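Asks: Questions regarding the structure given below will be posed in turn.
Here, each number is a calculation from the coordinates, and none is a lab measurement. Keep in mind that what you see is a predicted model, and the values were worked out from it rather than measured. Using ideal geometry, Cβ is built from the backbone for each residue, glycine included, and neighbour counts are taken over all protein chains shown.
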Amino acid sequence: MEFQQVVRRRRMVREFAPDPIPRGVLERVLETGLHAPSAGFAQGLELIVLDQPAQIEEFMTITDPWARKADGRRGDPPVIVIPIGNVHTYLARYSEPDKQGLGMNVPEGWPVPYWDLDAAMSVMLILLAAVEEGLGGWYFGIFHGEAELMRQLGVPEGLHPIGAVALGYPTEGEQRRGSGLWRERKRLEEALHVGRW
């Protein structure tokens, strides 16, 4: 599939078939995420993969207790990936001789938390790779239960996910939903400021 086709076909899929993702397909999708830019080539991306029904159920119970109570809920993804930008990896990298003196060996020295930014770029590559593999992907925030989830998953103190990515084959009848149905995509001329604002 051509790159522009992949970009234009990418959308958030929210209802998944129960079919498992073959291990090779999943690994190709996740490995693609490792090719995102990384400040100082720190490569601090950590991916927690939940691919067992009990793990998915526990994730949903902790992070979305309201959905668990809804009647007729269906379409859980067969895989949830939790991307975490490891701040400690970035601080260690910027303590090395070639990066010393920049003041970026402490979190306050960064104008933007690049560990989160780099993780987000990885997520975009994962979503695009999913399209190329015929999968659906859905990036969503973890707005409830993050601390409990991190404890359950054994994540070291001080690390936080930037959200979660659901992956799987879309159901046959999966319909496009969300704000994209009624909000038009911004045109280039509306976003472009050449030379100045």
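Asks: Please identify every one of the GluC sites (Glu not before Pro) in the stretch 1-91 that sits in a loop by DSSP and has no more than 13 other beta carbons within 10 Å of its own beta carbon.
Replies: Here the GluC sites (Glu not before Pro) that fit, given the DSSP loop and packing criteria, are 2.
Asks: Rounded to the nearest 10 degrees, what's the angle between the helix 114-132 long axis and the longest principal axis of the chain, both from Cα atoms, 0 to 90?
Replies: 40
Asks: Which value in deg cm²/dmol, rounded to the nearest 500, describes the helix-derived mean residue ellipticity at 222 nm for the chain, given -39,500 (n - 2.57) per DSSP H run of n ≥ 4 and division by the residue count?
Replies: After summing the helix terms and dividing by residue count, I get -10500 deg cm²/dmol.
Asks: Please work out the Cα center distance from the stretch 132-164 to the stretch 86-102, rounded to the nearest Å.
Replies: Using only Cα atoms to place each centre, the spacing works out to 25 Å.
Asks: Relative to the Cα centre, what is the charge dipole magnitude of the stretch 3-191, using +1 at the beta carbon of each Lys and Arg, -1 at the beta carbon of each Asp and Glu, and rounding to the nearest 20 debye?
Replies: For this selection, approximately 680 debye.
Asks: Normalising by the residue count of the chain, find the relative contact order in percent from Cα pairs under 8 Å and 6+ residues apart.
Replies: Details: 284 pairs, mean separation 66.1, N = 197.
34 percent.
Asks: To check you understand DSSP bridge types, tell me what percent of the beta bridges within the chain (both residues inside) are antiparallel, rounded to 5.
Replies: On the way: 16 of 17 bridges.
Approximately 95 percent, going by the DSSP bridge assignments.
Asks: Moving on to the next point. Which net charge results for the neighbourhood of residue 50, defined as the other residues with beta-carbon distances under 12 angstrom from its beta-carbon, given Lys and Arg at +1 and Asp and Glu at -1?
Replies: -4
Asks: A further question follows. Would you kindly calculate the mean projected area, averaged across all directions, of the convex hull enclosing the Cα atoms of the stretch 65-164, in square nanometres?
Replies: That works out to 8.6 nm².
Asks: Quick one: net charge of residue 156's neighbours, Cβ under 15 Å, K/R +1, D/E -1?
Replies: Residues close to residue 156 contribute a combined charge of -2.
Asks: Given axes a ≥ b ≥ c from the Cα gyration tensor, I'd like to know whether the stretch 3-191 is rounded (a/c under 1.5), prolate (a/b larger than b/c) or oblate.
Replies: prolate
Asks: Compute the angle between helix 53-63 and the longest alpha-carbon principal axis of the chain, please, reported from 0 to 90 degrees and rounded to the nearest 10.
Replies: Rounded to the nearest ten degrees, it is 70.
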